[in-house]
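Working notes, beginning with the structure itself.
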């Protein structure tokens, strides 16, 4: 039975993607005419508003016809329903055939590692594991940059020693200093 549901949801996801590609970008009425209006959608409320009245030749407004299939609503593109996980105990409520976990952004490194380990044991898919892997890659890149900078700093003191051997330049005396002498 789960195989039938997954195939239905996969078809629904394809239909949703096709519908999304056809959906126009809804813009605010007459935002192209006035700079003070942003392009972001606002519901037109005026009596004579052409977009509200759906006059031919004016941009379309949002309507029920642009909705995706009911089966595909609230699904992740992978076909799983998202469940927000804050701790290891939340993983026990997840059905691994239908749902996938998304680790909350407020969870720290240690607890995130525990959640990932427990999810692997329970065969639960985690949707944002990649985020932590990218963060680790960034840290290794930063460490490499710091190592390069420290090498450069080690080379700089040698150059400074050469500069120290040269006698310091004499300052030009100001008018006040000349008067004092």
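Structural remarks
- Of all positions in the stretch 22-39, at least one carries a residue that is within 30 Å of residue 99 (Cβ to Cβ) and at pLDDT below 95.
- When we screen 97, 9, 78 for residues that are under 27 Å from residue 127 (Cα atoms), touching a helix residue (DSSP H, G or I) at 6+ places or on another chain (Cβ under 8 Å) and not in a helix (DSSP H, G or I), the only hit is 97.
- The single condition among (1) closer than 23 Å to residue 122 by Cα; (2) over 22 Å from the mean Cα position of the chain (by Cα); (3) not in a loop (DSSP other than H, G, I, E, B) that residue 71 does not meet is (1).
- Selection status of residue 50, surrounded by 12 or more Cβ atoms within 10 Å (Cβ to Cβ) and either more than 26 Å from the chain's Cα centre (by Cα) or farther than 30 Å from residue 128 by Cβ (or both): yes
- Only listed residue being closer than 28 Å to residue 7 by Cβ and modelled with pLDDT of 75 or more, chosen from 129, 88: 129
- Selection within the stretch 100-115: residues that are loosely packed, with under 10 Cβ neighbours inside 10 Å and in a loop (DSSP other than H, G, I, E, B). The member of this set that is farthest from the chain's Cα centre (by Cα) is 108.
- Within the set 118, 25, 20, 33, the sole residue that is in a helix (DSSP H, G or I), at negative phi and surrounded by fewer than 14 Cβ atoms within 10 Å (Cβ to Cβ) turns out to be 20.
- The one condition in (1) within 24 Å of the chain's Cα centre (by Cα); (2) exposed (fewer than 10 other Cβ atoms within 10 Å of the Cβ); (3) in contact (Cβ under 8 Å) with a residue 24 or more places away in the chain that residue 40 fails to fulfil: (3)
- Selection status of residue 176, exposed (fewer than 10 other Cβ atoms within 10 Å of the Cβ), in a helix (DSSP H, G or I) and at pLDDT 65 or above: yes
- Flag for residue 98 being touching a strand residue (DSSP E or B) at 6+ places or on another chain (Cβ under 9 Å), within 29 Å of residue 75 (Cβ to Cβ) and modelled with pLDDT under 95: yes
- Applying the condition of being without any contact (Cβ under 8 Å) to a residue 24 or more places away in the chain and farther than 25 Å from residue 17 by Cα to the stretch 61-89 and asking which residue is surrounded by the most Cβ atoms within 10 Å (Cβ to Cβ) yields 86.
The values are calculated or read from the model by the stated rules, or taken from the named source; none is laboratory data. Just so it is clear, the model here is predicted, and its values are computed rather than measured. All Cβ positions, even for glycine, are placed from backbone atoms using ideal geometry, and neighbour counts span all protein chains on display.
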